[in-house]
Amino acid sequence: MIVSAERKAGEQILHAHNVIANNKTDARNVVTEYDTGIQQMLIETFSTALPDAHFFCEEMASPDSLDAEHTFIIDPIDGTMNFVKGFHHSCVSTAYMNRGVISAAAIYNPYADEMFTAIIGKGAWLNGEKLKIENVSLAESVVCFGSAPYYRDTRDRTLAMIRAALDIGLDIRREGSAALDLCSVAAGRSGVFFEMLLSFWDFAAGMLIATEAGAEVRTVDGGPLPATGEKSSVLCGAPAAVRDFLALGI
Ligand code: IPD
Ligand code: CA
(Lines give C-alpha, C1' and ligand atoms only; values in the text may rest on other atoms or scores of the structure.)
(Ligands and ions follow the chains in the order given, each with its own letter.)
Protein backbone atom coordinates (compact mmCIF):
# COMPACT_ATOMS: atom_id res chain seq x y z
CA MET A 1 0.00 0.00 0.00
CA ILE A 2 2.77 2.49 0.95
CA VAL A 3 4.78 1.55 -2.15
CA SER A 4 1.91 2.00 -4.60
CA ALA A 5 0.86 5.30 -3.00
CA GLU A 6 4.42 6.60 -3.21
CA ARG A 7 4.66 5.60 -6.88
CA LYS A 8 1.49 7.61 -7.51
CA ALA A 9 3.05 10.54 -5.66
CA GLY A 10 6.20 10.10 -7.75
CA GLU A 11 4.13 10.56 -10.93
CA GLN A 12 2.95 13.92 -9.62
CA ILE A 13 6.54 14.99 -8.90
CA LEU A 14 7.72 13.93 -12.36
CA HIS A 15 4.89 15.76 -14.13
CA ALA A 16 4.90 18.87 -11.96
CA HIS A 17 4.57 22.22 -13.71
CA ASN A 18 4.26 25.85 -12.56
CA VAL A 19 5.87 24.96 -9.24
CA ILE A 20 5.47 27.94 -6.92
CA ALA A 21 7.43 28.09 -3.67
CA ASN A 22 5.68 29.68 -0.70
CA ASN A 23 7.76 30.64 2.32
CA LYS A 24 7.06 28.69 5.53
CA THR A 25 9.45 30.63 7.77
CA ASP A 26 11.66 32.35 5.19
CA ALA A 27 12.85 31.87 1.60
CA ARG A 28 15.00 28.86 2.57
CA ASN A 29 12.13 26.93 4.11
CA VAL A 30 9.47 26.59 1.44
CA VAL A 31 6.40 24.55 0.57
CA THR A 32 4.63 24.02 -2.76
CA GLU A 33 1.12 22.88 -3.58
CA TYR A 34 2.70 19.55 -4.58
CA ASP A 35 3.97 19.00 -1.01
CA THR A 36 0.51 19.62 0.45
CA GLY A 37 -1.35 17.77 -2.34
CA ILE A 38 0.83 14.66 -2.11
CA GLN A 39 0.59 14.65 1.69
CA GLN A 40 -3.21 14.84 1.44
CA MET A 41 -3.33 12.00 -1.10
CA LEU A 42 -1.13 9.78 1.13
CA ILE A 43 -3.20 10.54 4.23
CA GLU A 44 -6.43 9.68 2.37
CA THR A 45 -4.94 6.43 1.00
CA PHE A 46 -3.60 5.25 4.37
CA SER A 47 -6.76 6.32 6.25
CA THR A 48 -8.91 4.33 3.84
CA ALA A 49 -6.86 1.19 4.58
CA LEU A 50 -6.50 1.87 8.32
CA PRO A 51 -9.33 4.17 9.50
CA ASP A 52 -7.79 4.55 12.99
CA ALA A 53 -4.36 5.60 11.64
CA HIS A 54 -2.59 8.64 13.08
CA PHE A 55 -0.31 10.98 11.14
CA PHE A 56 2.91 12.87 11.83
CA CYS A 57 3.67 14.84 8.67
CA GLU A 58 5.86 17.71 7.54
CA GLU A 59 3.08 19.92 6.17
CA MET A 60 0.77 19.57 9.17
CA ALA A 61 0.12 22.25 11.78
CA SER A 62 -0.15 19.85 14.73
CA PRO A 63 1.07 16.31 14.09
CA ASP A 64 -0.47 13.45 16.12
CA SER A 65 1.38 11.79 18.99
CA LEU A 66 3.39 8.67 18.13
CA ASP A 67 2.11 6.08 20.60
CA ALA A 68 -0.99 4.98 18.65
CA GLU A 69 -1.29 1.50 17.17
CA HIS A 70 -0.80 2.82 13.62
CA THR A 71 1.05 6.05 12.83
CA PHE A 72 2.43 7.15 9.48
CA ILE A 73 5.35 9.59 9.43
CA ILE A 74 5.26 11.34 6.08
CA ASP A 75 7.59 13.72 4.29
CA PRO A 76 5.65 14.23 1.05
CA ILE A 77 8.63 15.76 -0.78
CA ASP A 78 12.02 15.53 0.88
CA GLY A 79 14.31 17.80 -1.07
CA THR A 80 11.73 20.52 -1.66
CA MET A 81 14.38 23.10 -2.62
CA ASN A 82 15.76 20.64 -5.22
CA PHE A 83 12.17 20.19 -6.48
CA VAL A 84 11.57 23.94 -6.75
CA LYS A 85 14.90 24.60 -8.48
CA GLY A 86 14.75 21.61 -10.83
CA PHE A 87 17.65 19.61 -9.40
CA HIS A 88 15.75 16.32 -9.94
CA HIS A 89 16.83 14.76 -6.67
CA SER A 90 13.88 14.51 -4.27
CA CYS A 91 11.77 11.73 -2.82
CA VAL A 92 8.61 10.71 -1.02
CA SER A 93 9.31 9.29 2.44
CA THR A 94 6.95 7.28 4.65
CA ALA A 95 7.62 5.38 7.87
CA TYR A 96 4.99 3.20 9.51
CA MET A 97 5.10 3.14 13.31
CA ASN A 98 3.43 0.47 15.38
CA ARG A 99 2.95 1.63 19.00
CA GLY A 100 6.03 3.86 18.88
CA VAL A 101 8.30 1.46 16.95
CA ILE A 102 9.24 2.22 13.34
CA SER A 103 8.30 -1.07 11.72
CA ALA A 104 8.26 -0.44 7.97
CA ALA A 105 9.47 2.24 5.59
CA ALA A 106 9.49 3.23 1.95
CA ILE A 107 11.38 6.05 0.23
CA TYR A 108 10.81 6.62 -3.48
CA ASN A 109 13.01 8.68 -5.79
CA PRO A 110 10.87 9.06 -8.93
CA TYR A 111 13.65 10.61 -11.02
CA ALA A 112 15.81 7.50 -10.67
CA ASP A 113 12.80 5.17 -10.27
CA GLU A 114 14.39 3.85 -7.07
CA MET A 115 12.13 2.43 -4.37
CA PHE A 116 13.90 1.78 -1.04
CA THR A 117 11.94 -0.32 1.44
CA ALA A 118 12.53 -1.93 4.83
CA ILE A 119 10.70 -4.08 7.33
CA ILE A 120 11.98 -4.24 10.88
CA GLY A 121 13.98 -7.42 11.51
CA LYS A 122 13.57 -8.60 7.92
CA GLY A 123 15.89 -6.33 5.91
CA ALA A 124 16.04 -3.48 3.42
CA TRP A 125 15.64 -3.54 -0.35
CA LEU A 126 16.25 -1.35 -3.37
CA ASN A 127 13.74 -2.15 -6.13
CA GLY A 128 13.32 -5.58 -4.54
CA GLU A 129 17.07 -6.35 -4.27
CA LYS A 130 18.24 -6.96 -0.71
CA LEU A 131 20.71 -4.37 0.62
CA LYS A 132 23.73 -5.23 2.77
CA ILE A 133 26.48 -2.67 3.23
CA GLU A 134 30.22 -3.31 3.51
CA ASN A 135 31.87 -2.20 6.73
CA VAL A 136 34.05 0.48 5.14
CA SER A 137 36.23 2.92 7.09
CA LEU A 138 35.98 6.71 6.84
CA ALA A 139 39.06 6.71 4.58
CA GLU A 140 37.17 4.41 2.19
CA SER A 141 33.99 6.51 2.22
CA VAL A 142 32.34 9.17 0.12
CA VAL A 143 30.79 11.36 2.83
CA CYS A 144 27.35 12.92 2.33
CA PHE A 145 26.20 15.75 4.55
CA GLY A 146 23.27 18.07 4.97
CA SER A 147 23.83 21.74 5.72
CA ALA A 148 20.94 22.11 8.23
CA PRO A 149 20.04 25.25 6.28
CA TYR A 150 17.48 26.55 8.79
CA TYR A 151 19.82 26.49 11.81
CA ARG A 152 22.52 29.15 11.60
CA ASP A 153 24.18 28.22 14.91
CA THR A 154 25.09 24.74 13.63
CA ARG A 155 27.28 26.02 10.79
CA ASP A 156 30.73 26.13 12.40
CA ARG A 157 30.46 22.51 13.49
CA THR A 158 29.08 21.46 10.11
CA LEU A 159 32.01 23.15 8.37
CA ALA A 160 34.55 21.53 10.71
CA MET A 161 33.06 18.12 9.93
CA ILE A 162 33.05 18.81 6.19
CA ARG A 163 36.74 19.76 6.43
CA ALA A 164 37.58 16.49 8.24
CA ALA A 165 35.51 14.44 5.79
CA LEU A 166 37.35 16.04 2.87
CA ASP A 167 40.75 15.52 4.51
CA ILE A 168 40.17 11.90 5.51
CA GLY A 169 37.44 10.50 3.27
CA LEU A 170 37.38 9.92 -0.50
CA ASP A 171 35.22 12.96 -1.29
CA ILE A 172 32.13 14.83 -0.08
CA ARG A 173 28.58 15.33 -1.42
CA ARG A 174 25.67 17.69 -0.49
CA GLU A 175 22.75 16.30 -2.45
CA GLY A 176 19.77 18.03 -0.82
CA SER A 177 17.56 15.25 0.56
CA ALA A 178 18.32 13.77 3.95
CA ALA A 179 16.01 10.81 3.31
CA LEU A 180 17.90 9.95 0.11
CA ASP A 181 21.24 10.52 1.88
CA LEU A 182 20.26 7.78 4.35
CA CYS A 183 19.29 5.56 1.41
CA SER A 184 22.69 6.24 -0.19
CA VAL A 185 24.32 4.81 2.93
CA ALA A 186 21.96 1.81 2.78
CA ALA A 187 22.91 1.24 -0.86
CA GLY A 188 26.64 1.39 -0.05
CA ARG A 189 27.17 4.48 -2.21
CA SER A 190 28.13 6.68 0.70
CA GLY A 191 30.01 5.40 3.78
CA VAL A 192 28.81 8.18 6.09
CA PHE A 193 26.09 10.83 6.23
CA PHE A 194 25.76 13.58 8.83
CA GLU A 195 23.52 16.59 9.46
CA MET A 196 23.36 18.78 12.56
CA LEU A 197 19.58 19.08 12.90
CA LEU A 198 16.76 17.27 11.14
CA SER A 199 13.06 16.83 11.78
CA PHE A 200 11.68 13.38 12.53
CA TRP A 201 9.95 13.11 9.12
CA ASP A 202 13.33 13.71 7.43
CA PHE A 203 14.98 10.67 9.02
CA ALA A 204 12.26 8.28 10.34
CA ALA A 205 12.00 6.09 7.22
CA GLY A 206 15.68 6.37 6.28
CA MET A 207 16.82 5.35 9.73
CA LEU A 208 15.03 1.99 9.42
CA ILE A 209 16.20 1.43 5.83
CA ALA A 210 19.84 2.19 6.73
CA THR A 211 19.74 0.12 9.92
CA GLU A 212 18.24 -2.88 8.16
CA ALA A 213 20.97 -2.65 5.51
CA GLY A 214 23.60 -2.98 8.28
CA ALA A 215 24.41 0.68 8.92
CA GLU A 216 24.72 2.32 12.29
CA VAL A 217 22.47 5.30 13.05
CA ARG A 218 23.29 7.75 15.85
CA THR A 219 23.35 11.40 16.76
CA VAL A 220 26.54 13.27 15.81
CA ASP A 221 27.60 12.98 19.46
CA GLY A 222 27.33 9.18 19.35
CA GLY A 223 24.06 8.88 21.28
CA PRO A 224 21.01 6.89 20.24
CA LEU A 225 18.88 8.50 17.53
CA PRO A 226 15.50 9.35 19.12
CA ALA A 227 12.36 7.91 17.50
CA THR A 228 10.08 10.05 19.63
CA GLY A 229 9.23 12.76 17.13
CA GLU A 230 11.81 15.30 18.26
CA LYS A 231 14.38 16.95 16.01
CA SER A 232 17.88 15.48 16.17
CA SER A 233 21.29 15.54 14.60
CA VAL A 234 21.97 12.40 12.54
CA LEU A 235 25.16 10.43 11.92
CA CYS A 236 24.68 7.32 9.83
CA GLY A 237 27.15 5.02 8.16
CA ALA A 238 29.09 1.83 8.05
CA PRO A 239 29.94 0.94 11.69
CA ALA A 240 33.70 1.38 11.10
CA ALA A 241 33.23 4.75 9.38
CA VAL A 242 30.93 5.97 12.16
CA ARG A 243 33.52 4.90 14.75
CA ASP A 244 36.28 6.77 12.84
CA PHE A 245 34.06 9.84 12.56
CA LEU A 246 33.20 9.93 16.26
CA ALA A 247 36.87 9.40 17.18
CA LEU A 248 37.66 12.76 15.54
CA GLY A 249 35.81 14.39 18.46
CA ILE A 250 34.52 17.32 16.39
C1 IPD B 1 15.31 19.09 3.90
C2 IPD B 1 16.21 18.16 3.15
C3 IPD B 1 17.64 18.69 3.18
C4 IPD B 1 18.13 18.91 4.58
C5 IPD B 1 17.18 19.78 5.36
C6 IPD B 1 15.77 19.20 5.31
P7 IPD B 1 12.79 19.32 3.01
O8 IPD B 1 13.97 18.61 3.90
O9 IPD B 1 16.20 16.86 3.71
O10 IPD B 1 18.56 17.79 2.58
O11 IPD B 1 19.40 19.52 4.56
O12 IPD B 1 17.66 19.85 6.68
O13 IPD B 1 14.90 20.02 6.03
O14 IPD B 1 12.57 20.67 3.59
O15 IPD B 1 13.27 19.36 1.62
O16 IPD B 1 11.61 18.39 3.20
CA1 CA C 1 12.31 16.79 4.65
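The values are calculated or read from the model by the stated rules, or taken from the named source; none is laboratory data. Computed from a predicted structure; not experimentally measured. Glycine also receives a Cβ, built like all others from the backbone with ideal geometry; neighbour counts cover every protein chain displayed.
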Quick check on my filter: what residues within the stretch 129-152 are within 18 Å of Arg163 (Cα to Cα) and of a type in the set (A, V, I, L, M, F, W, C)?
Leu138, Ala139, Val142, Val143, Cys144, Phe145, Ala148
Determine, yes or no, whether Ser199 is touching a residue at least 40 places away in the same chain (Cβ under 8 Å), surrounded by fewer than 24 Cβ atoms within 10 Å (Cβ to Cβ) and within 16 Å of ligand 2 (Cβ to nearest atom).
yes
Six or more apart or on different chains, Cβ under 6 Å: which pairs go from a residue in the stretch 78-93 that's under 19 Å from Ala148 (Cβ atoms) to one that's more than 10 Å from ligand 1 (Cβ to nearest atom) and modelled with pLDDT of 95 or more? Could you list them?
Cys91/Ile107; Cys91/Tyr108; Cys91/Asn109; Ser93/Ile107; Ser93/Ala205
Looking only at the stretch 26-49, which residues are over 21 Å from the mean Cα position of the chain (by Cα) and part of a loop (DSSP other than H, G, I, E, B)?
Asp26, Ala27
Suppose we filter the stretch 123-152 for residues that are outside any helix (DSSP H, G or I), more than 16 Å from ligand 2 (Cβ to nearest atom) and either surrounded by fewer than 21 Cβ atoms within 10 Å (Cβ to Cβ) or of a type in the set (A, V, I, L, M, F, W, C) (or both); how many remain?
17
Out of all the residues in the stretch 40-59, which are within 13 Å of Lys8 (Cβ to Cβ) and within 16 Å of ligand 2 (Cβ to nearest atom)?
Leu42
Based on this model, can you work out whether Leu170 counts as within 15 Å of ligand 1 (Cβ to nearest atom), among the aliphatic types (A, V, I, L, M) and at pLDDT 95 or above?
no
Starting from residues that are closer than 14 Å to Leu42 by Cβ and crowded, with 20+ Cβ neighbours inside 10 Å, keep the ones in the stretch 60-79 and report whichever is farthest from ligand 2 (Cβ to nearest atom).
Thr71
Given the condition of a type in the set (Asp, Glu), under 22 Å from Pro239 (Cβ atoms) and modelled with pLDDT of 95 or more, answer yes or no: does some residue in the stretch 91-114 qualify?
no
Go over the candidates Ile43, Ile73, Ile20 one by one and state the one that is away from ligand 1 (no atom under 12 Å from the Cβ), of a type outside the set (Gly, Ala, Ser) and at pLDDT below 95.
Ile20
Which of the numbered conditions does Val84 fail, given that it passes all the others? Conditions: (1) among the β-branched types (Val, Ile, Thr); (2) surrounded by fewer than 24 Cβ atoms within 10 Å (Cβ to Cβ); (3) within 16 Å of ligand 1 (Cβ to nearest atom); (4) within 14 Å of Phe203 (Cα to Cα).
(4)
Identify, please: which residue in the stretch 170-189 is in contact (Cβ under 8 Å) with a residue 60 or more places away in the chain and more than 14 Å from Ala205 (Cα to Cα) and is, among those, farthest from ligand 2 (Cβ to nearest atom)?
Ala187
Given the options Val84, Val92, Val142, name the one that is more than 28 Å from His17 (Cβ to Cβ) and of a type in the set (A, V, I, L, M).
Val142
Considering residues of the stretch 153-196 that are among the acidic types (Asp, Glu) and surrounded by 24 or more Cβ atoms within 10 Å (Cβ to Cβ) only, the residue nearest to Pro76 (Cα to Cα)
Asp181
